[in-house]
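Taking it in order: structure first as structure tokens, then the write-up.
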Amino acid sequence: MQMKLKLTVAAAIAAVAGIALADEMVVKIGHVAPMSGSQAHYGKDNENGVRMAIDDLNAQKVVIGGKQIKFEIEAEDDAADPKQGTAVAQKLCDAKVAGVVGHLNSGTTIPASKIYNECGIPHITGAATNPNLTKPGYKTTFRIIANDNALGAGLATYATDTLKLKKIAVIDDRTAYGQGVAEVFAKDAKAKGAEIVDQEYTTDKATDFMAILTAIKSKHPDGIFYGGMDAQAGAMLRQMDQLGLSNVKYFGGDGICTNEIIKIASGAKSLDGVICAEGGSSIAKMPGGTAWKARYDKKYPGQFQIYSPYTYDATFVLVDAMKRANSVDPKVYTPFISSTNYKGVTANIAFEPNGEMKNPSMTLSTYKDGKKIPLN
């Protein structure tokens, strides 16, 4: 009799476990960034933010539509290449992911946004800053970071009003991001009375800037703006030292505002003249930044760059909309993203009708003794 009772209890437990297992639903969230090439350190940092969010969400045992949800990441590498970006966007559409966090670069995010719109999957970027991203008005596109209009204008104001610079040269890498932020900076600096003494162009793969910098040196600028990423900026700073341009102030957007640029610059004196801007507050001023960063550093030692707090929050914003809609179906929950009012690690997140973040903040930083220091 006792043996029979044990078997009955075991069968009941197994049946309950079977029901629980049947009621669990796997929901995949896509992430796209460059995971190879010179921008892989950004991509890894962004992906870490999503993975950390998914781990935290799974620990919460989220229930949506009566089912316990197990979130999984579907990670893709776009290599910072627009063609690869659209290819992986289509791949994520075909895989029927519930939503996407990404991409990193404006040049990949803008063409990918059309793909996501066509297949009805929402995407949130915490890194791509070109204002053109939200101009088509797709209801599937969202950004939780300040765009280049804010970053370029903020840097121009600092260069002219605070530092009183009069002659500035502008360089960009011809990408959607680099060209966009450089154009905003040049326009605003000129409107504030600065002379744009030279405009030069390079690529996001270049390593030798001696010809460009030599041409700029002959114009005697007191500032140089670079629209591009840290791999090129770090090399440029080293070459500025070689040409005796160490005392010229060097400006750039969030693409150069990383910890990695310290390594790439390899002790260049010009690094001390860098002033860069990034969307959002410094970690210390984010509502949950300090505690979150301590957890991140423990989980991913030495990998933090810049955007991972935003990809972390972007993941939670997607899931917050799913909870409020009580559905993981993109067709059902996507409209709920527009009414987001989420207290994230980075900020209180809410959206304008076009998918831009309401009241985004901006931080200016410089580098001193090999460390990144916020200026505001």
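The table below lists the values:
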quantity	calculated
Selection status of Asp208, of a type in the set (Asp, Glu), assigned to a strand (DSSP E or B) and over 25 Å from the mean Cα position of the chain (by Cα)	no
Considering residues of region 166-192 that are open to solvent by 60 Å² or more (accessible area, probe 1.4 Å) and outside any helix (DSSP H, G or I) only, the residue nearest to Leu213 (Cα to Cα)	Lys167
Candidates Tyr250, Tyr312 - the one that is of a type in the set (Ser, Thr, Tyr) and either assigned to a strand (DSSP E or B) or open to solvent by less than 10 Å² (accessible area, probe 1.4 Å) (or both)	Tyr250
Some residue of region 235-247 being in a loop (DSSP other than H, G, I, E, B), in contact (Cβ under 8 Å) with a residue 12 or more places away in the chain, surrounded by fewer than 19 Cβ atoms within 10 Å (Cβ to Cβ) and small (Gly, Ala, Ser)	yes
Filter pass, Ala321 being under 30 Å from Cys93 (Cβ atoms), small (Gly, Ala, Ser) and part of a helix (DSSP H, G or I)	yes
Unique residue being closer than 28 Å to Thr214 by Cβ and either touching a residue at least 60 places away in the same chain (Cβ under 8 Å) or among the acidic types (Asp, Glu) (or both) when the list is Leu104, Leu163	Leu163
Count - residues of region 135-152 that are in contact with a strand residue (DSSP E or B) (Cβ under 9 Å, 6 or more places away or on another chain), outside any loop (DSSP other than H, G, I, E, B) and open to solvent by 10 Å² or more (accessible area, probe 1.4 Å)	1
Top-ranked residue of region 268-285 - restricted to ones that are modelled with pLDDT of 95 or more and either open to solvent by 40 Å² or more (accessible area, probe 1.4 Å) or under 18 Å from the mean Cα position of the chain (by Cα) (or both), ranked as farthest from Leu375 (Cα to Cα)	Lys269
When residues of region 29-68 are limited to those that are outside any helix (DSSP H, G or I) and of a type in the set (S, T, N, Q), the one farthest from the chain's Cα centre (by Cα)	Gln68
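Results for (1) in contact with a Gly (Cβ under 7 Å, 6 or more places away or on another chain); (2) touching a residue at least 24 places away in the same chain (Cβ under 8 Å); (3) farther than 26 Å from Cys276 by Cα, shown as yes or no for each residue.
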| residue | (1), (2), (3) |
| --- | --- |
| Tyr296 | no, yes, no |
| Thr311 | yes, yes, no |
| Ala314 | yes, yes, no |
| Val332 | no, no, yes |
| Phe351 | no, yes, no |
| Lys358 | no, no, no |
| Met362 | yes, yes, no |
| Lys371 | no, yes, no |
| Leu375 | no, yes, no |
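The values are calculated or read from the model by the stated rules, or taken from the named source; none is laboratory data. Keep in mind that what you see is a predicted model, and the values were worked out from it rather than measured. Ideal geometry is used to build each Cβ from the backbone, glycine not excepted, and the neighbour counts take in all protein chains shown. Only protein heavy atoms, including side chains, enter the accessible area calculation; ligands, DNA and RNA are left aside. Shrake-Rupley method; radii C 1.70, N 1.55, O 1.52, S 1.80 Å.
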